[in-house]
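Here it is: the structure, laid out below.
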Amino acid sequence: MPLPLLAAELAANFVSCILYGIYLVTLGMAVQVLLTKKSASGRRMRRRGWAELNWVMLGVEGVLLVNSTLDLSVAFATLVEAFVNYRGPGGPIHVFEDRSGWGTFVKTVCVGVQTLVGDGILIYRCWFIWSKSWPIIVFPMVLWLGTLASAIGLLVSTQQFRVGLVNSADGLVWGLGLFALTISTNIFTTSLIVWRIWSVQRQTKKYRITPAEEADEPESMLTRGTRNIVESGMIYTVCSILELIAFATQSPLNYPASALAFHSVGIAFNLIVIRGSVNQSDFYYPNETDIRFAQSLSTSNDMPSTSSGVESKQDVFILSSLHREPTSAPKLETSKAGEISQNSEFPVKSSST
């Protein structure tokens with residue numbers, strides 16, 4: 001038995017309220033991470049100076065907060081209209097079936113903004129971790145532009161909505177394109193980020209005297225960052241796949257699935273920031289005896305540079321999980337005498353230590 005439209009709308013509002021509450025809690029924790037840092041002694045937290053603030057991340061937090069609040073407010077206004085104000089024929093179900101009103105238009109705008117901002121910040125992270133390389137994000141940007149076109153098409157098609165489900169034939173093609181493209185963007189871009197981190201970790205691993213996994217050390221910063229990104233990103237990806245299936249089948253389950261995917265954007269974003277800031281002592285950082293260099297090298301080609309290309313002036317790294325300075329691996333240069341000189345942010349002792 002299919003889920004009635006009225007029950008689907010109520011379920012969607014219930015899911016939205018629960019997830020919005022979770023989002024606000026994670027938002028408060030994420031903003032605290034972005035606004036504060038440990039003091040020099042490491043015992044207290046202090047407020048970041050203006051130059052230390054990550055304005056990009058704070059701006060994204062502000063946009064997601066306003067957009068999420070607007071979406072929930074419109075949903076609440078629709079409930080009041082249906083169950084309190086409307087006295088016409090058909091009862092509350094008539095209000096939910098009427099898709100020609102301003103509420104449908106505003107909620108469609110909110111979905112588009114939430115999707116584009118979430119995908120955009122993911123592409124920005126990918127661009128940053130790949131040493132601000134523009135060619136690497138060409139394909140993700142093409143996908144993002146396709147998502148933008150689909151969002152605009154879906155928004156225009158809402159003018160043709162009259163009675164029935166939002167995922168009716170008028171907006172079906174644009175909606176499918178929107179969700180399929182955002183899923184593709186998330187999977188592809190996250191894969192690029194993970195590949196970059198993994199390759200840097202693989203290169204720097206050879207310069208440790210004893211690998212972390214063999215020395216029973218805590219997992220490395222890069223490993224933690226990779227797991228953080230993948231797990232947090234999977235929340236939104238899985239929710240988007242559920243939304244795509246419900247939308248494609250033209251099921252009333254589209255409404256609770258849409259609420260789930262909508263609020264998962266902000267929650268996943270906050271989790272990446274939060275999880276990157278906790279348990280800093282559990283990270284494995286190369287120390288004075290963890291990195292060693294060969295005494296001599298005939299050519300510089302025998303030992304490639306292991307620079308990660310990651311540079312940030314803030315404790316909160318752009319991935320929000322690789323935040324502890326220094327954030328780059330050692331750079332090795334060969335001197336005229338054939339010995340490796342040190343150009344590294346990590347202190348390195350001689351092999352006698």
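Which sequence of Glu9, Glu81 reflects their accessible areas, 1.4 Å probe, from the largest down?
On the way: Glu9 20, Glu81 75 Å².
Heavy-atom accessible area, descending, gives Glu81, Glu9.
Please compute the modelled spin-label separation between Lys132 and Ala149, points set 7 Å along Cα→Cβ, answer in nm with one decimal.
Simple spin-label model gives 3.0 nm for this pair.
Once the Cβ-Cβ distance between Val25 and Gln203 is put in as r, and R0 is 41 Å, what FRET efficiency do you end up with, to the nearest 0.05? Please report the intermediate quantities before stating the final value.
Working: r = 38 Å, r/R0 = 0.93.
Efficiency for this residue pair is about 0.60.
At a Förster radius of 30 Å, what calculated FRET efficiency corresponds to the Cβ-Cβ distance of Val56 and Val142, to the nearest 0.05? Working shown, then result.
Details: r = 22 Å, r/R0 = 0.73.
Calculated value: 0.85.
The values are calculated or read from the model by the stated rules, or taken from the named source; none is laboratory data. Source: prediction; values computed, not measured. When we count neighbours, we look across all protein chains shown, and the Cβ atoms used for this are built from the backbone with ideal geometry, even at glycine. The accessibility values were calculated without ligands, DNA or RNA, using every heavy atom of the protein model including side chains. Shrake-Rupley method; radii C 1.70, N 1.55, O 1.52, S 1.80 Å.
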